[in-house]
Structure formats: C-alpha cells, structure tokens
1. I'd like to know how region 4-74 sits against the 2.2 N^0.38 Å rule of thumb: what's its Cα Rg over that expected value?
2. Per q in 0.11 1/Å, what log10 I(q)/I(0) does a Debye calculation on the alpha-carbon atoms of region 182-263 return?
3. Sorted from largest down, give the three principal axis spans of the alpha carbons of region 283-415, whole angstrom values.
4. What does the net charge come to around residue 199 if you take all other residues with beta carbon closer than 14 Å to its beta carbon, with K and R at +1 and D and E at -1?
5. Given 10 °C and 1.306 mPa s, how large is the Stokes-Einstein diffusion coefficient of region 273-321 in µm²/s, with Rh as the Kirkwood radius over Cα pairs?
6. Please report 424, 282, 417 as a ranked list, fewest other C-beta atoms within 10 angstrom at the top and most at the bottom.
7. Can you list the trypsin sites (Lys or Arg not before Pro) in region 270-370 that are in a DSSP coil and have 13 or fewer other beta carbons within 10 angstrom?
8. For region 96-199, what is the Kirkwood estimate of the hydrodynamic radius, computed as the reciprocal of the mean inverse distance between distinct Cα atoms, to one decimal in Å?
Amino acid sequence: MQYTLKEVVNHLKTQGFVFQGSEIYGGLANSWDFGPLGIELERNLKNLWWQHFIAKSKYNVGLDSSILMNNNVWKASGHLGNFADPLLDCKKCKMRMRADKLIEDNYPKLNCGGWSNEQLSAFITEKNISCPNCGAHDFTDIRQFELMFKTNQGVIEDEKSVVYLRPETAQGIFVNFKNVQRSLRKKLPFGIGQIGKSFRNEITPENFIFRTREFEQMELEFFYDSKEKIDWFEYWVQEVTKFLTLINLKAENYLFREHDASELAHYAKRTIDIEYKFPFGTGELWGIADRGDYDLRRHSEVSKQDLTYLNQETNEKILPHVIEPSVGVGRLMLAVLYDAYHIEKVSDNETRVVLKLSPLLAPYQIAVIPLSKQLNKAAYQLYEELLMRFQCIYDKTGNIGKRYRRQDAIGTPFCVTFDFESATDQKVTVRNRDTMQQERVAIANLENYFIAV
C-alpha cells in the first residue's frame, strides 16, 4: 500500500520525530528540527554507517574537517564560478523556479542535468512549457544562481573577509589527504570518511527533509592506485548494498541508475545513483562516483603542494584515484521512515499505525510496561537494569492496549510487561511489535533473549 508524504510527515510530527524549525515564530522555510525520537533514530543511523564504513573496515579511517575553509579550496574544486543552478521567473506571477526542474516535472523520463542555459531555454520554448503556478508561457532569461552560502570572518566586512559555508564535506577530506596518509603511514588503498553538515542555497528546497539548505552528509573518499586490477567501484557498490540490507530498506523500493556521459559531473568518470521510490517520485538516495584523480590533481595545481603518494616498493609517485560513496542523512532517514510506515488492520473494528524499523535503528529497542500502578516500583527497577544495555523507555500511562499501540507507532520492537505473576515466577511477557505475538521470558534471560533476536 502506498502512503502519501503528507500522512507520513503528520505522523512523524505528532510522535516527536521532526518539528518545523522556529515554529513558534511562524517557522523558517525548509528548516526542520529533529525531536527526541528523530535524534535517536538519526544517531543510530550515523553510528551504523560509521561502524560499517569506518570502524569495522580494514581500509578506512575517519576525519572531522572544518565547515569554514580557505576560499582557494573552492576555486580548486570548481565550486566558485561553477556551482550554480539555472534560475528563471514567470513574468506573469513572478514565481521563481529552476529551469531544469521545470522541464523534468513536465518530462519525468528526461534528465537535463548537463544542459547549457541555451539548451534549457530552447527546449522550454519549443515544447511551450507553462508556469506550474499560473499557466503562463512567458519566462525571464535563465541566469545562474550561486548555491554557496556567503558569510564574513573577522571584524570588517569586505571582499577580503568573505568565506563560504562548505557545500560538501568531500573537499575537507581531499585537502587532508597528505596529513592523514603521513600521520598514520597509510598505504594505498585506503579511505577517509566523515559525517558533517553542509549548506546549499537551493532555489527550490522541497519534500520535507529530502532537500534542505542545511543538511548532513556521510561521505567516504576511497583512494587507490588506478593500475590495480581490483574493481573498487563495484566493491563499494556492493558495500553500500550490504548497508541498505542491514538497515532493512526494501530492495523493491530502490533501483540502481547509471549516469550517461551527458549528465556526468565535471569531475566524474562514472557515477551510479541509488534512487528510492519516494511518494513524490523517484529521487536520488545515494551516489557512488568514480572521481578519477581530478580532486587531488586540482588541489596540487592550485596549492602548489605535492599530493602524490610514494609507493615505497616501486619508488613510484602516484596520484591516487578516488571512489566516493556519498549519502545525505536526511534523505536516508526519510527513506527508512517511509519504508517502515504501515497502517494495518488488527480486527474488524481496529487498525494500528506501526513503524517497522530495524531494531538497530529504532529510537527505543524496548518499552517496559507495568500492568498496574501497584507494580511501578518493581517494573521501574527492571527498566533501570535493561537501560544499562539497551535503549529503553518506561511507559506507565493508559491501558495496556493503548500503550502497545503507542509503542507500535514509534517503532519500538519489543514491549516487556511486568504483571502480577512476575514477582513470583520471575518472568515477564515480551510482545513482538511486528507479529504482536507474546511469550513469557525469565527476567534473568532477558538480556540474552534480546541479543539473540
């Protein structure tokens, strides 16, 4: 069953996953705050990514680079002067939009990401595309809209004080390539990964947390000798696929799309996008790009620093090539939450909303529930014990049925009910969120029980 984005978003707001940013002041367009449940899910997702791609990888190490960087970084990378969107306005209603997005909304199978302004304008005129707001066919000329946020450092605001908020985390990795390689004496192949905030002054941020101006990325830059016969691109495609399986994303809801030559970024030799079937349409979830030696070569040229790697066995200097698997935290969270959202019929008269989140991602793994107020003391003691090992919540308000439904709605995989028999038989009732089946489990065996499942 397909659910609309609106009903999923309403559920997430109501349950405390995501709130509108600055809501009491009327909000700020396209800014979102993760609530108590959203931040737990986000942290679990980032921790899993870090474990899979960094901590448990025999190749990779981590980094946390600065958001503000020397402007020459962005000149070398091509962001200054080239990082812009094609912007046009409707002359009648003054609505502002991206020219490429206007075309793709009317021709969904068409990808015009690599088109020039002239090509975009000619296509809009030829196909007589209308304004989505008022239906008019009269647009301004297309102009480039700078996507990087400007700010100033120091006391005096002038051209010399201008700096930019980074539009991606990747460049912080490239400029630290030599520092990491030397300090840890790393040998090729090896990767450097980081999780961090990036900022893009998008013209049309949209679709909840899918595209925002302030967002977080999980990026890996994997450096290797291009003369190697190992297909590292395919290796990282498989590693990303394993991670999507780990977080229980349904394979039928995403697809792999290879970029054709016309849409490849200026730095890319090859790119595969993993696209998810969101309720508003198919959108990029995870990009895997072969960046060649573009980045290290450009930073070597502009900085005048030698960023080559010395192979001590052959005494050969190598400019490593790079494979980059990159994913936005917000987009991945949205896919996970949409995938998990279900409305199920429980009986002829009752339905339930349930988030079938992986236990590795759920904000709480266990809810401890006393059957009666008289049992609060003993049940709370059990909660404190389980809290030492698991993410838990103590839920004592409402009848038992309402509490089960409340935990289903936020994705808690297990409810542990402490009842009147628990004090004598030292057992509790464990309810499974997905099957709603219940079983008696000895309190002494609870930790092993939850580790096993």
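1. Numbers: Rg = 17.3 Å, N = 71, 2.2 N^0.38 = 11.1 Å.
The value comes to 1.56.
2. Log10 I(q)/I(0), no solvent term: -0.50.
3. Principal extents (Cα only, largest first): 75, 37, 26 Å.
4. On the way: positive: 150, 166, 197, 200, 211, 213; negative: 146, 168, 202, 214, 216.
Neighbour charge sum, excluding residue 199 itself: +1.
5. Numbers: Rh = 13.7 Å.
After rounding, the answer is 116 µm²/s.
6. On the way: 424 7, 282 15, 417 20.
Ranking 424, 282, 417 by Cβ neighbours within 10 Å, fewest first, gives 424, 282, 417.
7. On the way: sites: 270, 277, 291, 297, 298, 304, 317, 331, 345, 352, 356; in loops: 304, 356.
Passing sites in region 270-370 are 304.
8. Numbers: mean 1/r = 0.0552 Å⁻¹.
It is 18.1 Å.
Bear in mind these aren't lab numbers, they're just calculated from the coordinates by the rules spelled out. Everything numeric in this text was worked out from a predicted model, so none of it was measured. Here the Cβ is made from the backbone with ideal geometry for all residues, glycine too, and neighbour counts use every protein chain on show.
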